[in-house]
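**Q** Would you mind keeping the following structure in view while I ask a few things?
The values are calculated or read from the model by the stated rules, or taken from the named source; none is laboratory data. Not measured: the values here are computed from a predicted model. All Cβ positions, glycine included, derive from the backbone under ideal geometry; neighbour counts span all protein chains shown. Side chains are part of the model used for accessible areas, which takes the heavy atoms of the whole protein and leaves out ligands, DNA and RNA. Shrake-Rupley method; radii C 1.70, N 1.55, O 1.52, S 1.80 Å.
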Amino acid sequence: MVRSSSSDRVLVIMAKAPRLGEVKTRLTSSLSPAAVIAFYCCLLEDTLALARSLSDVEVAIMCPDSDVNQLAQLAGAQLANNEPSVVAQKGEGLAAGLTSVFAHFAPDHQRDAHQRRIIAFNSDSPHLPRSVLEDAFEMLAAHDVVVGPTHDGGYYLVGAKASHRTLFAGDGMGTSSALERLLSRARALELSVGFAAPFYDIDVADDLTRLAEELRLAPARAPRTARWLKEWDSTPH
């Protein structure tokens, strides 16, 4: 992969450090705390590998300030001398994180002749086809915003070419109305919106089962996660 800070395509992974009680909390009814952490680490590592598989894309991680060092170590251990930048978000919560992504990586002037196309997506998305990310970047050539809807009313991906500070309000994040709230704010800002293919998050046990079935057929898509799920699927639960 050619990774350069001058690339006009930036792919930002929204992540947290793998700590008990802070990641994939809805899976704790199905998995032990230690299993949740192990699973999240697999998802994150495979998602990083997916991001790096795109050509001519700058890869970065956006996370809470308290998580920077741990995520830099995790990413650096996996990526050796080609590690992504790990950036501390300003403020708390996902809305603040997404606002920070575009404030940090977007050009200072919206009419910059070399606008960067910036996409932020979930850290638990190794099952996402690479073509979806490529298509999302292409959509940003013709739209102000691109969004990838999830089947539960949220979104797993959002991209833009400029920072729109009111696009991500603090209300509704992580709920079934998150997508509609985002689209409503985009309309209020008179931003054109393109849509990536709908997909699903990994939140509950049914999602684990679905992902395990997909990766059983194509483990190379997310090899670490596939190995973990194969072991999980073979044990009583």
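**Q** Once the chain is represented by equal point scatterers at the alpha-carbon sites, with solvent omitted, what log10 I(q)/I(0) does the Debye formula produce at q = 0.07, 0.09 Å⁻¹?
**A** Treating every Cα as an identical point scatterer, log10 I(q)/I(0) equals -0.21, -0.35.
**Q** With a probe of 1.4 Å, find how much accessible area the chain has per residue, and write the answer as a whole number in Å². Don't jump to the answer; show the numbers that get you there.
**A** Values: 11180 Å² over 237 residues.
So the chain comes to 47 Å² accessible per residue, rounded to a whole number.
**Q** For the chain: lysine pairs with Cα atoms under 21 Å, gap of 8 or more or different chains, count?
**A** On the way: LYS16/LYS24; LYS16/LYS90; LYS24/LYS230; LYS90/LYS161.
For the chain, qualifying lysine pairs total 4.
**Q** Please report, in debye to the nearest 20, how large the charge dipole of the chain is about its Cα centre when each Lys and Arg carries +1 at its beta carbon and each Asp and Glu carries -1 there.
**A** On the way: 23 positive and 29 negative charges, 42 e Å.
Here the size comes out at about 200 debye.
**Q** Quick check: residue separation of ALA188 and ASP56 times 0.36 nm, minus the Cα distance between them. What number comes out in nm?
**A** Details: separation 132, 0.36 × 132 = 47.52 nm, distance 3.31 nm.
The span from ALA188 to ASP56 would gain 44.2 nm if fully extended.
**Q** Once fully extended, how much extra length lies between THR166 and TYR200, figured as 0.36 nm per residue of separation less the alpha-carbon to alpha-carbon distance? Numbers along the way, then the final one.
**A** On the way: separation 34, 0.36 × 34 = 12.24 nm, distance 2.59 nm.
Result: 9.7 nm gained on full extension.
**Q** If you wrap a convex hull around the alpha carbons of the range 131-223, what volume per residue comes out, as a whole number of Å³? The partial results should precede the final answer.
**A** Details: hull volume 9.9 nm³, N = 93.
In the range 131-223, the Cα hull volume divided by residue count equals 106 Å³.
**Q** Here is a follow-up. Full extension from ASP233 to THR25: what is 0.36 nm times the residue separation minus their Cα-Cα distance, to one decimal in nm?
**A** Details: separation 208, 0.36 × 208 = 74.88 nm, distance 1.96 nm.
That pair, ASP233 and THR25, stretches by 72.9 nm at full extension.
**Q** At a 10 angstrom cut-off on C-beta neighbours, averaged per residue, how do the peptides 205-216, 41-52, 88-99, 157-168 rank from highest to lowest? It would help to have the intermediate numbers written out before the result.
**A** Details: 205-216: 15.8, 41-52: 22.1, 88-99: 17.4, 157-168: 20.2.
Descending packing order for the listed peptides: 41-52, 157-168, 88-99, 205-216.
**Q** How many percent of the accessible area of the chain is carbon or sulfur, using a 1.4 Å probe? Show your work: numbers first, answer last.
**A** Working: 5590 of 11180 Å².
Whole-percent figure for carbon plus sulfur exposure: 50.
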